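The values are calculated or read from the model by the stated rules, or taken from the named source; none is laboratory data. Note that the coordinates shown come from a computational prediction; the quantities given were computed from them, not determined experimentally. Cβ coordinates were reconstructed from backbone atoms using ideal geometry, including for glycine residues, and neighbour counts include every protein chain displayed. What goes into the accessible areas is simple: the full protein's heavy atoms, side chains included, and nothing from ligands, DNA or RNA. Shrake-Rupley method; radii C 1.70, N 1.55, O 1.52, S 1.80 Å.
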Amino acid sequence: MKALLHIGSGKTGTTSIQEYMSVNRQRLREQGIHYPVTLGAKNHRRLPALVQKDERAARYFREQGLRDAASRDAAREAWWQEFRAEIASAGDCDRCLISAEHLWQLGAQEVAALQSRLAPLFDEVRILAYLRDPVDYAMSMYDTALKIGSTSLAPAAPVAGGPTDYAHILKTWQDAFGRDRMTVRLFDRAELVGGDILTDFVQSAGIDAAGFTEVKVKNPSLGVLGQQILLRVNRRLPRYRPDGSPNRMRGDIVGLFERFFADGARITPDPALLAECQAVLAGSNEWVRQTFFPGRDRLFPARSYAACPAPSLDERDLDRMADLVVDLWQAAQKAKRAAAS
């Protein structure tokens, strides 16, 4: 059996891809493609966790209730044995498709460890990655950070060796799996087949999507107003309690914001972020261009950005709206629990 590892990067439609593959798992199997379940029903998050150091997967292990080293080690071993058994029982398939954007976060030793685990299991392992303009990534990542509880006031600037230092990361995977096993695509409507990530993905992965069930795009970005209110809600309703346990009162409040604030004016990068991206990542982007896209003049097209729109409400109004959202949400959560007890 051959394997294809879709490793990300983040903010390139990965959640939608995973939903699409999961919904169409049986259709894939009819083509001899196995989409595992033991690594995760949709996102195969367990695979990177198998080789990640504890501190690099701390949030995931905490959410799984694995709070000490012994329980984490036992879980890793159990996950690996379950996955091996699943692959052994998928004998009617000749391909395995794995998708986990957290693979993008693995360090060199972790990628090497993963290669050592997978090599005896598969006849061949190929890597598929999508790259997004680092400026767009920073803006989208800020939206995601707010959704998982961040109280940061602005998008984070890029750093050497970070998630948008594409040369650093691709070299790591190339060293472990080989340049000839790497497929790298650009996450840009002008570059994607049909201008669509799902269409591009199935073609890149060698999948026939005829008859597949369609899915809606996941993780819609919030407008500026939604982000400003959510920022304040996060201060009042953090994701984790002081003891480190998940704050159950928060529930799916992000779904509420995605329902009502996924439109309107969008945040745009400020000049300082643009300058930082150029200063930190120019050399990295050039290596990627020369290695994977030698026919292009530059890796990502030059773009101009309008000034970021200012919220139509002042700070006091935004704080009041956040207070209202939190009060109503907490009341609804308490009522739901009371009805269930």
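All but one of (1) at pLDDT 95 or above; (2) assigned to a helix (DSSP H, G or I) hold for A3, so report the exception by its number.
With respect to (1) at pLDDT 95 or above; (2) assigned to a helix (DSSP H, G or I), A3 is out only on (2).
Please specify each residue of the range 134-150 satisfying the condition of being open to solvent by 10 Å² or more (accessible area, probe 1.4 Å) and within 19 Å of I17 (Cβ to Cβ).
D136, Y137, S140, M141, T144, K147
Considering only helices (runs of 4 or more DSSP H) fully contained in the range 252-341, which possess at least 1 residues that are among the polar types (S, T, N, Q) and more than 27 Å from the chain's Cα centre (by Cα)?
So the answer is 315-340.
Output the number of residues of the range 133-160 satisfying the condition of being among the charged types (D, E, K, R) and under 14 Å from N219 (Cα atoms).
The number of residues fulfilling the criteria is 2.
Okay, residues lined up against (1) among the hydrophobic types (A, V, I, L, M, F, W, C); (2) in a helix (DSSP H, G or I):
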{"position": "C93", "(1), (2)": "yes, no"}
{"position": "L114", "(1), (2)": "yes, yes"}
{"position": "Y142", "(1), (2)": "no, yes"}
{"position": "T183", "(1), (2)": "no, no"}
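Here's the yes/no breakdown for (1) under 20 Å from the mean Cα position of the chain (by Cα); (2) within 18 Å of R266 (Cα to Cα); (3) of a type in the set (D, E, K, R); (4) modelled with pLDDT of 95 or more:
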site	(1), (2), (3), (4)
D133	yes, yes, yes, yes
M139	yes, yes, no, no
D180	no, no, yes, yes
L186	yes, no, no, yes
L192	yes, no, no, yes
T199	yes, no, no, yes
V202	yes, no, no, yes
V215	yes, no, no, no
G226	no, yes, no, no
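So how many residues does the range 215-251 have that are open to solvent by 60 Å² or more (accessible area, probe 1.4 Å) and assigned to a loop (DSSP other than H, G, I, E, B)?
9
Restricting the search to the range 185-197, which residues are part of a helix (DSSP H, G or I) and in contact with a Ser or Thr (Cβ under 8 Å, 6 or more places away or on another chain)?
Result: V193, I197.
Is the range 115-128 home to any residue that is open to solvent by less than 30 Å² (accessible area, probe 1.4 Å) and either without any contact (Cβ under 8 Å) to a residue 24 or more places away in the chain or of a type in the set (G, A, S) (or both)?
no
Please tell me if K171 is of a type in the set (K, R), part of a loop (DSSP other than H, G, I, E, B) and either touching a residue at least 60 places away in the same chain (Cβ under 8 Å) or open to solvent by 30 Å² or more (accessible area, probe 1.4 Å) (or both).
no
If I filter the range 55-80 down to residues being in contact (Cβ under 8 Å) with a residue 12 or more places away in the chain and in contact with a Lys or Arg (Cβ under 6 Å, 6 or more places away or on another chain), which single residue comes out as nearest to A90 (Cα to Cα)?
Residue satisfying both the conditions and the ranking: W79.
Here are some conditions: (1) open to solvent by less than 40 Å² (accessible area, probe 1.4 Å); (2) free of Cβ contacts under 8 Å to residues at least 12 places away in the same chain; (3) under 30 Å from T172 (Cα atoms); (4) of a type outside the set (A, V, I, L, M). G255 meets all but one. Which one does it not meet?
Among (1) open to solvent by less than 40 Å² (accessible area, probe 1.4 Å); (2) free of Cβ contacts under 8 Å to residues at least 12 places away in the same chain; (3) under 30 Å from T172 (Cα atoms); (4) of a type outside the set (A, V, I, L, M), the lone unmet condition for G255 is (3).
What number of residues in the range 146-167 are assigned to a helix (DSSP H, G or I) and either under 17 Å from F293 (Cβ atoms) or in contact with a Ser or Thr (Cβ under 6 Å, 6 or more places away or on another chain) (or both)?
2
Could you pull out the residue among V23, V51 that is open to solvent by 50 Å² or more (accessible area, probe 1.4 Å) and not aromatic (F, W, Y)?
The match here is V23.
Counting only residues that are closer than 24 Å to D180 by Cβ and of a type in the set (F, W, Y), which one in the range 283-304 is surrounded by the fewest Cβ atoms within 10 Å (Cβ to Cβ)?
So, considering only residues that are closer than 24 Å to D180 by Cβ and of a type in the set (F, W, Y), the one surrounded by the fewest Cβ atoms within 10 Å (Cβ to Cβ) is W287.
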